[in-house]
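> Okay, here's the structure, questions in a sec.
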Amino acid sequence: MPTIIMNLLFAFSFIIALILLEIVYFKLADHFNIIDKPNSRSSHTAITLRGGGIIFPIAALLWFGFFGFAYPYFIAGLSAIALISFLDDLITLNNKVRLSVHLISVLLMFYQWNLFELNWYWIPIATIFVIGTINAYNFMDGINGITGSYSLLAVITLYYIDIYIYAFTSPALLITIALSLLVFNFFNFRKKAKCFAGDVGSVGIAFIIVFFIGQLILATHNFNYILLLLFYGIDAVSTILFRVIRKENIFEAHRSHFYQFLSNEKKTPHLIVATIYLFVQSIINIILVFFVNENIFSALLLCLFCIVVFMVVRFKMEGKQRLLKAQVV
């Protein structure tokens, strides 16, 4: 019992510390005009502080200092990608510079995973998948509450797996990241958000979650755990596919994601859309953890079912004209 009380006191103290750090950042962001101004591609209408997701890498750094400097290459990669993303929040950086740092950070992550000990062909495969996932995660961060709630679900699921199914990482790090997400959600999961995650937040938390999932896959040799990000993946990949069909430049900013359609065209409140994504991925996670587990055939069926349902819903709601035909400006 004393140990439980001590752990609860530490968690409470850590949350208070993170809240104070977030508030300090708000003061600095306000002073230095680090804000997000709405534009034609935005899903929001009010000027809001940007970069509140800086709390995620800060929390990881605090864990690093408090818990014996574990996973140094991961922390180095996270620090680098968070820094370049924060600079990108302040001033738009050259894509080559940004992607170069992303690549270095990902390679540091691979070194932490001991991925270089495997056959060489895993490196390009993993590089494409990880960088693609990080960027897709960043693109999905466009409305209040969606990144914070979706990421918190992923971390909670990973914590359950680590404690009850297969120990693959530091539970203290999982708890630390979960607490930082709780703090961020307190300020972001609102009708009128106090702050947005910014690139530093969306890219940072994507890097962290990918690190955890990579650890889990390498420890269990079970690739089914990729489905912990299935709903985000289906939205991101299908949106890219439709943009290619419409002959659009997939590297240009847009608002073609399904969550953006719900928020902008259907005028569905942000928090309801975020909750829908949270609920759907929660069902997927429950099926994955308790029923699919290591069965690759079941995982493929689950994936196929989700893709078919999602595409049917998109075509039903958005229509063929919007999804497949180039829009006349």
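The values are calculated or read from the model by the stated rules, or taken from the named source; none is laboratory data. Please read these numbers as outputs of a predicted model, since none were measured by experiment. So basically every Cβ, Gly included, is an ideal-geometry build from the backbone, and we count neighbours across all protein chains shown. These area figures cover heavy atoms from the full protein model, side chains too; ligands, DNA and RNA do not enter into them. Shrake-Rupley method; radii C 1.70, N 1.55, O 1.52, S 1.80 Å.
> List the relative contact order of region 1-324 as a percent without decimals, with contacts defined as Cα pairs under 8 Å and 6+ residues apart.
Details: 377 pairs, mean separation 72.7, N = 324.
Computed over region 1-324, the figure is 22 percent.
> With +1 on the Cβ of every Lys and Arg and -1 on the Cβ of every Asp and Glu, and nothing else charged, how large is the dipole of the chain about its Cα centre, in debye rounded to the nearest 20? Before the final figure, lay out each step's value.
Details: 21 positive and 15 negative charges, 254 e Å.
About 1220 debye.
> What percentages, rounded to whole numbers, describe P(r) for region 66-181 computed over all alpha carbon pairs with 5 Å bin width beginning at zero?
Taking every Cα pair in region 66-181, the percentages come to 2, 10, 15, 20, 24, 18, 9, 2, 1.
> Once phi is turned into ³J(HN,Hα) by the Karplus curve 6.51 cos²θ - 1.76 cosθ + 1.60 with θ = phi - 60°, what whole-Hz value does each residue of region 249-265 show in order, with x for glycine and proline?
Coupling constants for region 249-265: 6, 6, 8, 7, 4, 7, 9, 9, 5, 5, 5, 6, 4, 4, 6, 8, 7 Hz.
> To continue, here is another question. Using 20 Å bins from zero, what percent of all Cα-Cα pairs in region 1-324 falls into each bin?
All Cα pairs considered, the percentages come to 31, 61, 8, 0.
> Excluding ligands, DNA and RNA, what is the solvent-accessible area per residue of the chain at a probe of 1.4 Å, expressed in Å²?
Solvent-accessible surface per residue comes out at 51 Å².
> Same structure again: How much of the accessible area of the chain, in percent, comes from carbon and sulfur atoms when a 1.4 Å probe is used?
Of the solvent-accessible surface of the chain, carbon and sulfur hold 71 percent.
> What does the net charge come to around Met317 if you take all other residues with beta carbon closer than 10 Å to its beta carbon, with K and R at +1 and D and E at -1? If you can, show how the numbers build up before the last one.
Details: positive: Lys266, Arg314, Lys316, Arg322; negative: Glu265, Glu318.
Local charge sum for Met317: +2.
> How high is the relative contact order of region 106-229, in percent, with contacts defined as C-alpha pairs under 8 Å that are six or more residues apart? Please report the intermediate quantities before stating the final value.
Values: 99 pairs, mean separation 39.0, N = 124.
Relative contact order of region 106-229: 31 percent.
> Once the Cα gyration tensor of region 132-214 is diagonalised, what are the square roots of 5 times its eigenvalues, in whole Å and ordered largest first, as equivalent ellipsoid semi-axes?
So the equivalent ellipsoid measures 23, 14, 9 Å along its semi-axes.
> Just to be sure I understand: if I project the alpha-carbon convex hull of region 180-327 onto a plane and average over all orientations, what area do I get in nm²?
10.0
> Show me the ranking of peptides 291-298, 118-125 by mean Cβ neighbours inside 10 Å, starting with the highest.
Numbers: 291-298: 13.2, 118-125: 10.2.
So the peptides 291-298, 118-125, ranked by packing, come out 291-298, 118-125.
> Between Phe305 and Lys96, what length in nm is gained on full extension when 0.36 nm per residue of separation is reduced by their alpha carbon distance?
Fully extending the segment from Phe305 to Lys96 adds 71.5 nm.
> Arranged from highest to lowest average of other beta-carbon atoms within 10 Å per residue, in what order do the peptides 313-326, 210-223, 9-22, 136-149 appear?
Ranking the peptides 313-326, 210-223, 9-22, 136-149 by packing returns 136-149, 210-223, 9-22, 313-326.
> Assign one of three labels to region 1-135, namely rounded, prolate or oblate, based on the Cα gyration tensor with a ≥ b ≥ c the square roots of its eigenvalues; rounded applies when a/c is under 1.5, prolate when it is not and a/b is larger than b/c, and oblate otherwise.
In terms of gyration-tensor shape, oblate.
> I've got another one for you. Taking the Cα of Leu218, stepping 7 Å toward and past its beta carbon, and measuring to each backbone N in region 118-161: which are under 16 Å?
Residues 118-131 fall inside that zone.
> Now, a different point. Once the dipole of the chain is set up with Lys and Arg at +1 and Asp and Glu at -1 on Cβ about the Cα centre, which of Ile131, His254, Leu179 lies farthest towards its positive end?
Of the candidates, His254 comes out farthest on the positive side.
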